[in-house]
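> My questions will all concern the structure given below.
Laboratory data are not the source of any read-out in this text; all were calculated from the coordinates shown. Given the structure is predicted, the values throughout are model-derived calculations rather than measurements. Here the Cβ is made from the backbone with ideal geometry for all residues, glycine too, and neighbour counts use every protein chain on show.
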């Protein structure tokens, strides 16, 4: 029987690559995002290339009511979710704390923390009922060590780190695995979103070294789901070879 994988933020970056990786390896997927056209394009790609069954759900993880309504309305055959990948997230702005843009703060906290919490709140009971499942939260090295002007983004990812640990404790009695995958510098739409569409500034973030790619994260997320039933990876931090910490790079 094929596994059912739910991936949030599947319209680009890590989420899209993760969806492709699981479909390629025989899973059926629930893919979520706010961009309907991209969701439908990905659905067609995964169905045509990998013969996967795909359920696209267009909603905003920041909206608790939308999350609840979509999860509760899942057809019965889609409720047996084996893996929830809480991937939806973003960085917005890079200002010192005294110059921060409040809208940027709200977007990061609402997406990175509250969206993850809402998804977990309504998907986890389905796993508890089956005493089976795996929740994977996409964190960041920014949730391990802060860096200049990273204030609220780092705070939101430190929150993901803590929430993941707490979720692991709460759900261990139900045989549910919980994992955080925390990437370092990765070249996706991340910096383009952070710098409000400034392509040149986004590109400059990755000059002089080879960053992680979305496919690297997808490989890692898939890997942690392939281990024996009695093995759980709690926390996995990965960086480009040229990155040693949030602020230390070897660039040429």
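> Return the percentage of antiparallel bridges among DSSP beta bridges fully within the chain, rounded to the nearest 5 %.
Around 5 percent antiparallel, to the nearest 5.
> Sticking with this one: At a 10 angstrom cut-off on C-beta neighbours, averaged per residue, how do the peptides 51-57, 178-184 rank from highest to lowest?
178-184, 51-57
> Calculate how steeply helix 13-24 sits against the longest principal axis of the alpha-carbon atoms of the chain, using the helix alpha-carbon long axis, and give the answer as 0 to 90 degrees to the nearest 10.
The answer is roughly 30 degrees.
> Taking 25 °C and 0.890 mPa s as the conditions, I'd like the Stokes-Einstein D for the chain in µm²/s, using the Kirkwood hydrodynamic radius from alpha carbon pairs.
For these conditions, the coefficient is 133 µm²/s.
> For residue 106 paired with residue 162, estimate the spin-label separation in nm (one decimal), with each label point 7 Å from Cα along the Cα-to-Cβ line.
Label-label distance for residue 106 and residue 162, simple model: 2.3 nm.
> Expressed as an acute angle from 0 to 90° and rounded to the nearest 10, what is the orientation of the C-alpha long axis of helix 214-224 relative to the principal long axis of the chain?
On a 0 to 90 degree scale, this one is about 50.
> Cα centroid distance between segment 45-98 and segment 199-235, in Å?
Taking the Cα centre of each part, segment 45-98 and segment 199-235 sit 19 Å apart.
> Counting helices only, and only those DSSP H runs with n ≥ 4, report the 222 nm mean residue ellipticity of the chain as the sum of -39,500 (n - 2.57) divided by its residues, in deg cm²/dmol to the nearest 500.
Roughly -12000 deg cm²/dmol at 222 nm, from the helical runs in the chain.
> With axes computed from alpha carbons, what is the tilt in degrees of helix 151-171 against the longest principal axis of the chain, rounded to the nearest 10 within 0 to 90?
That works out to roughly 30 degrees.
> Along the Cα→Cβ direction, 7 angstrom out, place labels at residue 121 and residue 69. What is the inter-label distance in nm?
With each label placed 7 Å out from Cα toward Cβ, I get 1.6 nm.
> With r defined as the distance between the Cβ atoms of residue 226 and residue 95 and R0 fixed at 41 Å, what FRET efficiency is calculated, to the nearest 0.05?
0.50
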